[in-house]
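Below is one structure; the comments refer to it alone.
Every number in this text was worked out from the coordinates using simple rules, so none of it is lab data. Being a predicted model, the structure only gives us computed values, none of them experimental. Every residue, glycine as well, gets a Cβ built from its backbone with ideal geometry; the counts of neighbours run over all protein chains shown.
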Amino acid sequence: NHAQGVALAARLLGIPSTVVMPEDTAIVKVDRARGYGAEVQLVKGGFEAARQKSEEFQAKTGATLIPTYDDPAVMAGQGTVGLEIVRDAGGPVDEILVPVGGGGLIAGVAVAVKALSPKTRVVGVQSEGCASAVESKRKGERVRVQKPSTFAEGIAVPFVGEHPFEIIKAHVDEIVTVTDEAIARAMVTLMEKSKLVVEAAGAAGAAALFEGEKPPGKGRVVVVLSGGNVDINVLQRVIERGLVA
């Protein structure tokens, strides 16, 4: 989603853009970024390898680097999700579940929501195969996951961002984990019952709700579904796993 936003903004402004992604990124994400006019560079390794390559590219070319999450302006933009929830809910919201990767989305949402509705609980959800924010919040310092293991590549970030972490410590009430199996089942449930195609990372919050990792208390619970970039071949495997379950 970040890549597509950068690519579209650059096209509208008439300037070139280069997006660096891990080579195992969902094909649909690569194609959509290119479709908006970006040059896409794929690199071996995960998110950290892509981040390092983008910094090398920036140093070599003098281009402006737009981080995916560890940047106050980017976090503020992602925080508009929180503004929309409070505005559109039609009444008090008791709890909001937000998928967590690098932490930009939940940091932005937490700042916006706590400013407008201080009693609303903001809860993060991660895959248990890459629980960097969970461990970081528990220990009070940023913790790196050495080998992320999850098919939810959108939140397979081994190290929560420096800026987001300060906000997570202050404003996020809790972070829980879910299994990849729970995420797959949530994707199928969302398709079956709500007719929504949601990528694995985007379905993490729904998985926590459906699987009882974060059972809803009394009141109103909002789940952020943060993306729909999923390859058809991945979707087919997810449906098969869901049907077996």
Q | Sites Leu116 and Arg138 - FRET efficiency at Förster radius 22 Å, r taken between beta-carbons, to 0.05 | A | 0.20
Q.
Give the separation of the Cα centroids, region 47-114 to region 154-186, in Å.
A. 12
(Q) Run the reach check for Lys114 against aspartates and glutamates, Cα to Cα strictly under 12 Å, same-chain hits fewer than 8 apart removed. What comes back? (A) Asp94, Glu95, Asp173
Q. Regarding region 1-112, what whole-number volume in Å³ per residue does the convex hull of its Cα atoms give?
A. 118
Q) Among Met75, Met191, Met21, which one moves the most in a GNM of the chain with springs linking Cα atoms closer than 10 Å? A) Met191
(Q) Amide H of Gly228 versus every other amide H placed in the peptide plane: which residues, excluding those fewer than 5 positions away on the same chain, fall under 5 Å? (A) Glu199
Q | Student exercise, region 1-67 dipole from Lys, Arg, Asp, Glu Cβ charges, in Debye to nearest 20 | A | 140
Q. By how many nm would the segment from Val197 to Arg220 grow when fully extended, if each residue of separation counts as 0.36 nm and the alpha-carbon distance is taken off?
A. 6.0 nm
Q: Return a whole-number percent for the relative contact order of the chain, with Cα pairs under 8 Å and 6 or more residues apart as the contact set.
A: 18
Q: Give the long-range amide H neighbours of Gln41: residues separated by 5 or more places, or on another chain, with amide H under 5 Å away, using H modelled in the peptide plane at 1.01 Å from N.
A: Val19, Val20, Met21
Q: Considering only DSSP beta bridges where both residues belong to the chain, give the percentage that are antiparallel (nearest 5).
A: 0
Q: Before anything else, pin down the relative contact order of region 50-147: Cα pairs under 8 Å, at least 6 apart, normalised by residue count, whole percent.
A: 23
Q | Proportion of all alpha-carbon pairs of region 68-175 beyond 25 Å (%) | A | 16
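Using unit Cβ charges (K, R positive; D, E negative) and no other charged atoms, how large, in debye to the nearest 20, is the dipole of the chain about its Cα centre?
The calculation lands at about 300 debye.
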Q: For Ile27 and Lys44, calculate 0.36 nm times their separation in residues minus their Cα-Cα distance, and state this gained length in nm to one decimal.
A: 4.6 nm
(Q) Can you tell me the length gained on complete extension of the stretch Asn233 to Leu83, counting 0.36 nm per residue apart and subtracting the Cα distance? (A) 50.5 nm
Q | Nonlocal amide H pairs with Thr177, under 5 Å, H built at 1.01 Å | A | Gln126
Q) Can you give the helix-only mean residue ellipticity at 222 nm for the chain, where every DSSP H stretch with n ≥ 4 adds -39500 (n - 2.57) and the sum goes over all residues, rounded to the nearest 500 deg cm²/dmol? A) -14500 deg cm²/dmol
Q) How large is ³J(HN,Hα), in whole Hz, for each residue of region 143-159 in order, when computed from phi with the Karplus curve 6.51 cos²θ - 1.76 cosθ + 1.60 and θ = phi - 60°, using x for Gly and Pro? A) 10, 8, 8, 5, 9, x, 9, 6, 7, 7, 5, x, 10, 7, 9, x, 9
Q. Hull surface divided by four, with the convex hull built on the Cα atoms of the chain: how many nm²?
A. 13.3
